[in-house]
Every structure is written in C-alpha cells, then in structure tokens.
1. If you go through the range 481-494 one residue at a time, how many are open to solvent by less than 10 Å² (accessible area, probe 1.4 Å) and either in contact with a Ser or Thr (Cβ under 6 Å, 6 or more places away or on another chain) or farther than 27 Å from Y183 by Cα (or both)?
2. For the range 296-320, which positions are charged (D, E, K, R), free of Cβ contacts under 8 Å to residues at least 60 places away in the same chain and more than 18 Å from L359 (Cβ to Cβ)?
3. For the range 208-219, check the following and say yes or no: at least one residue is without any contact (Cβ under 8 Å) to a residue 12 or more places away in the chain and open to solvent by 80 Å² or more (accessible area, probe 1.4 Å).
4. So is L109 surrounded by fewer than 22 Cβ atoms within 10 Å (Cβ to Cβ), not charged (D, E, K, R) and not in a loop (DSSP other than H, G, I, E, B) or not?
5. Report yes if some residue within the range 6-22 is of a type in the set (A, V, I, L, M, F, W, C), part of a strand (DSSP E or B) and touching a Pro at 6+ places or on another chain (Cβ under 8 Å); otherwise report no.
6. In the range 169-186, which residue that is under 19 Å from F584 (Cα atoms) and not aliphatic (A, V, I, L, M) is farthest from the chain's Cα centre (by Cα)?
7. I'd like the residue in the range 279-300 that is more than 27 Å from the chain's Cα centre (by Cα) and surrounded by 14 or more Cβ atoms within 10 Å (Cβ to Cβ) and, out of all such residues, is nearest to P514 (Cα to Cα).
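The values are calculated or read from the model by the stated rules, or taken from the named source; none is laboratory data. Note that the structure is predicted; figures quoted are calculated from it, not measured. Note that we place each Cβ from the backbone using ideal geometry, even for glycine, and neighbour counts take in every protein chain shown. Accessible surface is based on the protein model in full, side chains and every heavy atom, while ligands, DNA and RNA are left aside. Shrake-Rupley method; radii C 1.70, N 1.55, O 1.52, S 1.80 Å.
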Amino acid sequence: MCGLAGIAVWDTTGEAETPGVERMLDAMAHRGPDGSGLFSAEHVCMGTVRLAIVDPEGSDQPLSASGADVHLVFNGEIYNYRELRERLERRGHTFKTGGDGEVILAAYLEDPEHFAARLDGMFAFALWDGRRRRLLLGRDRCGIKPLYYWADRERVVFASEAKALLTDPAVPLAVNRDAIADYIAVRFPLPPGCAFDGVRKVAPGTLLEFGPGARSGRERPFHVLDVRGAPGPATATTLAEALRGAVETTGQPGPRLGLLLSGGLDSTTLTALGAGTAAAVDAYSVGYENATWQDETGYAREVARHVGAEHKVTVLGTADLLTCFLDTLWHLEEPIYTPVCLSTFAVTGLAARDYKSVLAGDGSDELLLGYAHMHRAQQEAALGRPWQQLYWDALGWLSPDDRKVLLDEDMAGRCEPAAAQSRAGFTDAVAGGTAPADAIREFETVKKLPEYHLLRVDRLSMAHSLEVRVPFLRNDVVAWALSHSAGDLMRGEPKQPLRDLARHMVPRHIVDRPKQKFSAPAASWLAGPLRPLALDLLHDGAGAEELGLSRTGLRRLATAFHDDPATTPDITWGVVLLLGWYRFVFERLGRTRAERQTDR
C-alpha cells in the first residue's frame, strides 16, 4: 500500500540526506498517491508515499513509538494485526492509530529478536532503532513485497523500487552480467542480485541488520519456507477452510470485492469463494484483439456469470500496444521474459479505476506444483532417467545452438547450464540428495515465485496505484500446502486438491479443461504493432557489449525477422525485450542522472 525509501549514514547526519530521500519518493509517487512523509534523525532519513487502505484517515507514515527512539516505514499489510494488537494491549502497549503498521513497532519493542516471525502478511519495512543505532530491513516470507538496497561502509540506501534507489548518485549504474545471463537461462534475474550491478534485494523471510558494527548487513532469517524433504506438520485446517478464510480477510475492506480473473483454475476458485463471502464481486480480465488461443475471456465470462460477479474486460489491441510495451518496460525495471507482463499492466490498469486493492491467484502453481514442466521432469526422475536438464531447458528461451550465435563468449559461458544452476543453488540441492520434486518446488517457490511472478505483479499493478493481494500465500494456505510433500502433490492430476474444491463451485468442464498458462500473442504483436520497434532495436544493437550480445548474431536475427516475422518469435521476443530494457530503462536512468548533475 506504499513505497518506502531511506538512507542511513554512520559518520554524518541523516538530515543532510533529506533531498536524496525526497528524490527517491518522487521517483515512485505512483505507489502512494494519497500522501507522503519523512523522518530524519542523526543517522537516518526515511520516508514513504502512501496508498491509504487500512485506517485511511490515520496511520500516516513514518510511524514512531511513544517513549522510544524507534521509527518505521512500511509497505504492505499485516493481516493479523488486530489479533496482535489485542495481545500487545494486554501487555501494556498503547496505540495512537487504527492501522496495522503500528503493530510492527509495538511487537519490536516487546521482542526485538523475534517480532517479525509473528507477522502474517505481505510486507517490506525499514525500522530505525536510534537507541541501538540499528537499521533493520525486513521482507515477508514469500517475498510478495519488494525491497532493494545498496550499501558501502558509510551509507545504506534502500527503496521499494530499483529506479528510485538509482536516483542516488552514489549508487552505481551498471549492468549486472550475471543477472542478464539468468534472464537468458531462466527468464529472470536470480536473487539476491538484480539487473543493476551492486543493487541487491532483501531475501524473503529475512531481516537485514545494519549498524556501526554490521555495516555490510547481517542477515537474520525469521521465516524461511521449508519446502524440502519431509512434509510439515499436519494442519487441522482443510484447504477449503484455509482459502475461504484467506479470501474473507485479504480483500480490500468494504462490501465489494475485486479480483483478477484469467479463467484458469486458481483465479476461478478465488472468484467463486469471493462470491460466497462478499456482498458483491467485480472480476477483471484481459483479452486480445483478433482473439487467439491465448484469449481466455470466454472462460472468465462463464465463471463470472455462474457465480454472479460483475465482469469487466479490457482488450489489448494494436492501437495501444506500443505505449503499453514501453510503459511496461519502465515500470518492470528489470528484464523479465514473459509477454503477459503487458497483459498484467493492462488488466491492473482496468481494475485500478474501481479499486485500490484486488485479489489474484499467484502462488498456487508453485506451492501445489501445477505446471506441466514440473511434472515432466518428475516423471523422468521416477523412471530413473536424467531429469535436471529437461527441467532446466523448460525454464529458458534460448537453445545451446542459438546461444552460440547470439551471445559473446563470456555471456555464453555464464549461460551454460552448470554455471546458471550453480548461481541458482540448484546444483547444490541436487548434489546434496534433495529429491527431484523437492528441488523443483524449492526453486519455483523460493527463487522464481518472488522474483518472476510476484515482482511482475507488484510493479505493474503499483504503476496504477493498485495493490494486488494473494490469498494463496496467506500463512494458513501455505501451511496446508507444505504439510503435503512435493512428491505426493506430483501424483495424479496437477493440483488435484484444488480441482476437487473448485468442482463444488463452478461448472465441471471449466475445472477439468487442460491447464493453460496465462499467455499472450507475442508473435502477432511482433509481426504487427511492435515490428518497427523490434527491427530498430535489432539493427541498432545499442547495449550489445554490456549485455553480452553478438552484433553479428543480432544482424542475422534482424535479417531473419525482417524476411519472416514468424521466424523464431520466442527468441526475437527475448532479445527485443532485453535491448528495449537497455534503451528505455537503463539509458533513460543514465540520462536522468546526467541531467540532474548538470542542473547542480
């Protein structure tokens, strides 16, 4: 519900950093159109831009604890804040607001070492304890909310978005070649790094502590998802109970409930549950001009009609596609390979006309192992056949032969499966005896979910000042999923428990149709409205050296694409998006920094 930013300094005063923090907040004003605030003290300056959802009339940030030099900026929502508040009040704590952020402060004062483990929610926060000269950066255990930082021995700079962080002149603007290799190998930069060299992400379920004695940051995990090996303890809550409770308590306060509805199993189930708990439901979908197989609005319309939801559709067509592509690149910040980024940007823009917060079905496929490539790899492993390369190849978009043509020698080496799997921690997991199903769920849930799916949804929805909430990642639902081993969930039909639940609420043929990934007609976009831009980027090749691309290979791809746009659309999309990121994000940030220096 906010964007946060700040700077901690150890040998100078925090007040001097106020202009820098204001610049960071200005760079992400879209995250918080309802207000802003700053706090500065001897060693820290931090602030927020606010999207007011809980306690909209109060709870302006930063928040400060009465009688203690402890201060907080916070993004997200703590769903169990009422329960925590009651407990803390019984222990003598008093509250000045009706919001959820103040509960974090009181919980910290009660138990500075373990407070974060008690939070059920999606959040990122920065907490300054002036008594200890300690800065804590924290992120929820599933990584729903983002938090970037850069640090040297004198300063820590942090923000909800990388482009905000990069307004600070001390933060270097350089391409992280390992992150680009990850984009090529698995479609997204692997954490904790990102596409900007030196900029890092706070790990999910982790507190990062900075202070005079820990200037480089000391990691303090408070809740790391344990998805390997033996299943977790059995839960008394069924999947139906956990999901119903999550939908009831996760939505925006008020009589109406908004949801993103693709027509797939996950969003369909949430929409049906929402219709059973809310007075009225609005469902939002995205379709495509000249409907293709990727357009699922027909299924979504049928679901909405069946459960009595108001259905609203935006059509992504030729006229607005180029603008959508460029806006998506800018707000995405990092290169992520999936054409549905444009779809996400469009549908969240539609929902933002009516809501500040909606629900979405992200997280189900990772926890319940719903993707076909997971099951193919597991089936090979069960037959005693090599499975790692089959799984890894399904993650990428550039074949070994194409890597030889399109990449320079250094980048090709970084993209080799052995190198990429090592960076991902996948090699160690498999070598350590982790079962194939567990290794797959660990990578998909701990690495890919937060930095590929959730990052995309956060950036592209918050671009419209819309917060997307994910009931499948509520604590009770996650606990239910992890009480079942990955191997057990891989047996039978994918996501069988969820299908069994949905069959009681929506037409059976909707539930039983083959899984269809949320997709988009990238090939027709490249052949149509994006063709001039694609050819320009391929011929120009700006950034090729920094990105590890071969100019000879780019010329060959440009010629093939010019002669027949239907040639290798997957490869063309991946290369065009990467070159577009360099021109429209990386170089734009560089120009902005140079202009600011000139103005001084």
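1. Count: 1.
2. R301, R305, D320
3. Checked the range 208-219: at least one residue is without any contact (Cβ under 8 Å) to a residue 12 or more places away in the chain and open to solvent by 80 Å² or more (accessible area, probe 1.4 Å).
4. Yes, satisfied.
5. no
6. Checked the range 169-186; the qualifying residue farthest from the chain's Cα centre (by Cα) is P172.
7. E289
Condition check ((1) out of contact with any helix residue (DSSP H, G or I) (no Cβ under 9 Å at 6 or more places or on another chain); (2) modelled with pLDDT under 95) across all residues:
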position	(1), (2)
R353	yes, no
L359	no, no
D362	no, no
G370	no, yes
G384	yes, yes
Q388	no, yes
D393	no, yes
D402	no, no
A412	no, no
